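The values are calculated or read from the model by the stated rules, or taken from the named source; none is laboratory data. Quantities reported herein were computed from a predicted structural model and do not represent experimental measurements. Here the Cβ positions follow ideal geometry from the backbone for every residue, glycine too, while neighbour counts run over all protein chains shown.
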Amino acid sequence: MRYVALAIVAAALMLPAPAARAIPMPFGGILSGANETPPNNSPGAGSVTVVLDPTAETIQILASFFGLTTPDVAAHIHCCQTMPGNPPTVGVATTVPTFGFNTPGQFPLGVTEGTYLSPIFSLEDPSFYNPAFVMLQGGLEQAETALIAGIENGLTYFNIHTSQNPGGELRTQLLPLGGVPVPAPIVGAGLPGLILACGALLVLAWRRRQLVV
């Protein structure tokens, strides 16, 4: 189960390069402790895919993670850097402590591994955002514009926080994964075969990395 989202990322990587404001557009990457600031030696790993639809003003998140040192306490998107990776840390843009908090669509908390397929969130819904981010941007409309631009331009990152690593244990920059429209919700009928094939390759790559480490 832990490799499903990794396979989704691989499937998205096989899509053509992104067209301007293609709808919807997938972004994401591989989660690791090495991506944190400062880096940590967490044995955990994972992946995240964020599907952004600027026209419909919606977003959906698919994530998978495992091997955390302690149960997770938060997970969210940080925005907005001035350049990809710089500054290395910025504030939390989305709901705190995590997506869909206190709803049936909540990201799994209090666990060391899990998978998450979110509902389709409206970017016009104030509850999707961290109130501090909305205030910093000058209002809900400005916050939505900033988050969309941040994701599209590689100026955001996804972070999973734990009690052992409260500043973040697993992280990835959200980068374009492809520009061909994808089904909504993310997992469409045409993906299963591609997921299985890419999943096998990713599992092999992860095991090789563990042997080297």
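Scanning region 148-179 for residues that are in a helix (DSSP H, G or I) and either at positive phi or in contact with a helix residue (DSSP H, G or I) (Cβ under 8 Å, 6 or more places away or on another chain) (or both) turns up nothing.
Just one of the numbered conditions (1) under 19 Å from Phe133 (Cα atoms); (2) among the small types (Gly, Ala, Ser); (3) part of a strand (DSSP E or B) is not true of Gly100: (3). Within region 108-127, residues that are closer than 24 Å to Gly150 by Cβ and modelled with pLDDT of 95 or more sit with their Cβ atoms under 9 Å from residues that are among the charged types (D, E, K, R) and surrounded by fewer than 17 Cβ atoms within 10 Å (Cβ to Cβ), at 6+ positions apart or across chains, in these pairs: Ser122/Glu57; Leu123/Glu57; Glu124/Glu57; Glu124/Glu141. Do we have any residue at all in region 45-52 that's closer than 14 Å to Thr156 by Cβ and in contact with an Asp or Glu (Cβ under 8 Å, 6 or more places away or on another chain)? The answer is yes, given that some residue of region 45-52 is closer than 14 Å to Thr156 by Cβ and in contact with an Asp or Glu (Cβ under 8 Å, 6 or more places away or on another chain). Answer yes if at least one residue in region 186-203 is modelled with pLDDT of 95 or more and either over 14 Å from the mean Cα position of the chain (by Cα) or among the polar types (S, T, N, Q) (or both), and no otherwise. No, region 186-203 contains no residue that is modelled with pLDDT of 95 or more and either over 14 Å from the mean Cα position of the chain (by Cα) or among the polar types (S, T, N, Q) (or both). When the test is whether a residue is outside any loop (DSSP other than H, G, I, E, B) and either in contact with a Gly (Cβ under 7 Å, 6 or more places away or on another chain) or under 19 Å from Ile30 (Cβ atoms) (or both), Ala74 does not pass it. In region 147-158, the residues that are under 16 Å from Asn86 (Cβ atoms) reach residues that are modelled with pLDDT under 95 with C-beta atoms within less than 7 angstrom, at least six apart or across chains, in these pairs: Gly154/Pro84; Leu155/Pro84.
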